[in-house]
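Read the structure below first, then the notes.
The values are calculated or read from the model by the stated rules, or taken from the named source; none is laboratory data. From a predicted model like this one, the values you see are computed outputs, not experimental measurements. Cβ: placed from backbone, ideal geometry, glycine included. Neighbour counts: every protein chain shown.
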Protein chains: 2
Amino acid sequence: MKATPEAALVLLSGGQDSTTCLAWALKHFRRVEAATIDYGQRHRVELEAAAAIARAAGVAQRVIPCDSFRALGGNALTGDEAVAPGVRAANQLPNTFVPGRNLIFLSLAAAWAYQLGISELVTGVCQTDSSGYPDCLADTMDALQQALRCGMDAPFTIHTPLMHLTKAQTVAMLRDLGGLHLLALSHTCYNGQRPPCGICPACVLRAKGFDEARIADPLIATTPPRH
Amino acid sequence: MKATPEAALVLLSGGQDSTTCLAWALKHFRRVEAATIDYGQRHRVELEAAAAIARAAGVAQRVIPCDSFRALGGNALTGDEAVAPGVRAANQLPNTFVPGRNLIFLSLAAAWAYQLGISELVTGVCQTDSSGYPDCLADTMDALQQALRCGMDAPFTIHTPLMHLTKAQTVAMLRDLGGLHLLALSHTCYNGQRPPCGICPACVLRAKGFDEARIADPLIATTPPRH
């Protein structure tokens, strides 16, 4: 693989963190592209959000299908199971945990990046607010980076600009990058609602970050109220 | 994850190597299951072979779909998609190399194993006749094992019983395991033919292994001749 270190591929889900990463990448790399995994997410609004954000940011976006997780089942993000607020007794993780998800998403992004001749991967995983998901941890990213390097014989680097930030710091970073307007297009709510439900774990976490950063969430500000 | 170390999940493609791994696992683990990835392989006969082998061996088999590689294109294994050079990539790709394939297949198998409470994974990757594919190397498997362990917080071990064997040694191993009859159901031919074409690189490699081991290939012995 002949890589172009000044180019980056951002894993863009359409949520707050990956949107922030896109803005970060646009600041740090000359050429930026986006990859979005269509894994059968229950809320297709996420995919629409990702496409809208890529368009607004002026970057090429590739949607990569992955029907595996829906077929494997066992989680609340692709199946019919409701998102439960607590954790499962079996593994002490929320039922939104999809085993292996970030490993596979990043590997798919790397497979696409390989074809593009891009070695720099950017993802919004965050240890601070990880809900205990082991595939969001820095150690996991280090191990995966090594696996990608060996397995594709390519000089991949996984950039995780949000790894050790609080949600409030992430909000402030995006403001400083001048990308806050992109968040009006993003999607966070686990229940797929727009305006967001405000009570699911994802909504609560997002609201907390904006509160602590003392910044208004442009998604809330621009979403017309429901009647 | 509460793992059962006496249980193993074998990545079963329906070919010679993974069939040998299945027999190996049946010898070494009390409980064995199989996972087969349906990634849109051009020759569906491989999937039929995998199902027949699992049935003959008396193990449960799960077929995991993965439509990503076909969508990403850029390789000759997922078939009819012709890749226009210059559109896909700035670099030249060998079109039989599917970047990231084994990484993703093993990660998917691990995701399924996680749900089964199985931590022992078995794969037929082989450094000896890897055709230089970096995702068949021992270093890659070590790195991936670490990524799976960290990323799913589970004590995965990737077993690669064929890693350093020649094809002849693999044939002899299967004979010693008493599993040679399973090979009558396996599929190797790149051209998807049954009886095998005998002239494609995969057929030639398989024949060479049997010749050197001085063992008759049960696939050839049991396949009725074409008229």
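A Cβ distance below 7 Å, combined with a sequence gap of six or more or placement on separate chains, defines the contacts here; from segment A:107-131, residues that are facing chain B (nearest Cβ under 10 Å) reach residues that are surrounded by 23 or more Cβ atoms within 10 Å (Cβ to Cβ) and of a type in the set (Val, Ile, Thr) in the pairs A:Ser107/B:Ile104; A:Leu108/A:Ile37; A:Leu108/B:Ile104. Taking segment B:18-43 as the range and being away from chain A (no Cβ under 14 Å), surrounded by fewer than 23 Cβ atoms within 10 Å (Cβ to Cβ) and either within 22 Å of B:Ser68 (Cα to Cα) or modelled with pLDDT under 95 (or both) as the test, the residues that pass are B:Gln41, B:Arg42, B:His43. Once segment B:2-17 is narrowed to residues that are in contact with a Phe, Trp or Tyr (Cβ under 9 Å, 6 or more places away or on another chain) and closer than 12 Å to B:Val59 by Cβ, the residue that is surrounded by the fewest Cβ atoms within 10 Å (Cβ to Cβ) is B:Ala7. So how many residues does segment B:150-189 have that are closer than 27 Å to A:Leu148 by Cα, away from every other protein chain (no Cβ under 14 Å) and hydroxyl-bearing (Ser, Thr, Tyr)? Total satisfying the criteria: 2.
Which is under 13 Å from the mean Cα position of the chain (by Cα), small (Gly, Ala, Ser) and at pLDDT 95 or above, of B:Ala8, B:Ala49? Answer to the check: B:Ala49. Anything in segment A:44-71 that is out of contact with any strand residue (DSSP E or B) (no Cβ under 6 Å at 6 or more places or on another chain), within 14 Å of another protein chain (Cβ to nearest Cβ) and surrounded by fewer than 19 Cβ atoms within 10 Å (Cβ to Cβ)? List them, or say none. Passing the criteria: only A:Arg70. Based on this model, can you work out whether A:Met141 counts as within 22 Å of A:His28 (Cα to Cα), in contact with a strand residue (DSSP E or B) (Cβ under 6 Å, 6 or more places away or on another chain) and in a helix (DSSP H, G or I)? So A:Met141 fits the description; yes. Candidates B:Ala147, B:Ala138: the one that is within 14 Å of chain A (Cβ to nearest Cβ), surrounded by fewer than 19 Cβ atoms within 10 Å (Cβ to Cβ) and closer than 26 Å to B:Ala7 by Cβ is B:Ala138.
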